[in-house]
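*Asks:* My questions will all concern the structure given below.
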Amino acid sequence: MSETPRVIYEKQGPVASIRFCNPAAHNALTGQMWHDLRDAARDLAADPAIRVATFRGVGGKAFISGTDIGKFADYTSGQQGIDYERDIDDCMSAIDAIPCTTIALVEGWAVGGGMNISAACDFRIATPDARFGSPIGRTIGNCLSALSLARIGGAVGVQYAKRMVLLGEFLSAQQLYDSGFLLRIVEREDLDTEAEALCTRAAENAPLTTRVTKQTLLRGQQALLPEIEDLIGLVYGSADFRRGVANFLARSKTLPEWTGE
């Protein structure tokens, strides 16, 4: 019997933990999980006792493998895609606004929403088998919001972001450690110990220093974001998007035949 997809949110002393639990789908986020994540982020942001927060997938095989895209099969207009990306931006902005130090603990796949959430965290520790990507141009043919692209590009670098989105590449833990995206690579049996040590150090920092530094960097990142809802509507309203979603849900082993329309 599979577990009900959910976000597990707990606090212990100065540390909050958020765990993504949908192991039957490699921790893909349902719409409800996205909203529960947003609510948890807002709650811990309002709690001055919390000095550090960790994010982790349940089961050890995936951090987050993406988003449950079943509802995309019902999309008939670009406006639905615009509304969806607004909703994701709202959820992701709640993570961005967390004033304490945030740490992603990545085992296995961090794909799509998992890539985005790991990029939103201040630090990332991963196991050697971790893989990161956002191959939307080879799966369902949608796009990312300007905020998501800025977040991911700012964290991994524009060229790595292009490799993930324009080429559909999955990047290894070693590649992203070498780039500076990952703080450490550790074996699975050492992950809890490393996480505890990092949480202890982060919790010792002056909270106002942490908060103001994060907010300053965030304001700089978001200062010149373009308005692209016309482009988002173009993609989500396209025949290519509908074709990609149908192909993905049918579990086809071949790429969709994109037409650019």
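The values are calculated or read from the model by the stated rules, or taken from the named source; none is laboratory data. Predicted model only: the values in this text are computed from it and were never measured. Heads up, the Cβs are rebuilt from the backbone with ideal geometry, glycines too, and the neighbour counts pull from every protein chain shown. Surface accessibility is based on the protein's heavy atoms, side chains included, excluding ligands, DNA and RNA. Shrake-Rupley method; radii C 1.70, N 1.55, O 1.52, S 1.80 Å.
*Asks:* When only residues in region 15-46 that are among the polar types (S, T, N, Q) and not in a helix (DSSP H, G or I) count, which is surrounded by the fewest Cβ atoms within 10 Å (Cβ to Cβ)?
*Replies:* Only one residue tops the list, namely T30.
*Asks:* In region 162-177, which residues are touching a strand residue (DSSP E or B) at 6+ places or on another chain (Cβ under 8 Å), open to solvent by 60 Å² or more (accessible area, probe 1.4 Å) and in a helix (DSSP H, G or I)?
*Replies:* Selection gives R163, Q174, Y177.
*Asks:* Please work out which residue is modelled with the lowest pLDDT, limiting yourself to region 48-73 and to residues that are surrounded by fewer than 19 Cβ atoms within 10 Å (Cβ to Cβ) and of a type in the set (D, E, K, R).
*Replies:* Step by step, filter region 48-73, then rank; the result is D68.
*Asks:* Taking region 55-85 only, how many residues are more than 20 Å from R131 (Cβ to Cβ) and not aromatic (F, W, Y)?
*Replies:* 13
*Asks:* Suppose we filter D122, D192, D129, D178 for residues that are of a type in the set (D, E), closer than 23 Å to W34 by Cα and modelled with pLDDT of 95 or more; which single one remains?
*Replies:* Exactly one residue qualifies, and that residue is D122.
*Asks:* Can you tell me which residue among E196, E187, E169 is under 21 Å from T54 (Cα atoms) and free of Cβ contacts under 8 Å to residues at least 60 places away in the same chain?
*Replies:* So the residue among E196, E187, E169 that is under 21 Å from T54 (Cα atoms) and free of Cβ contacts under 8 Å to residues at least 60 places away in the same chain is E196.
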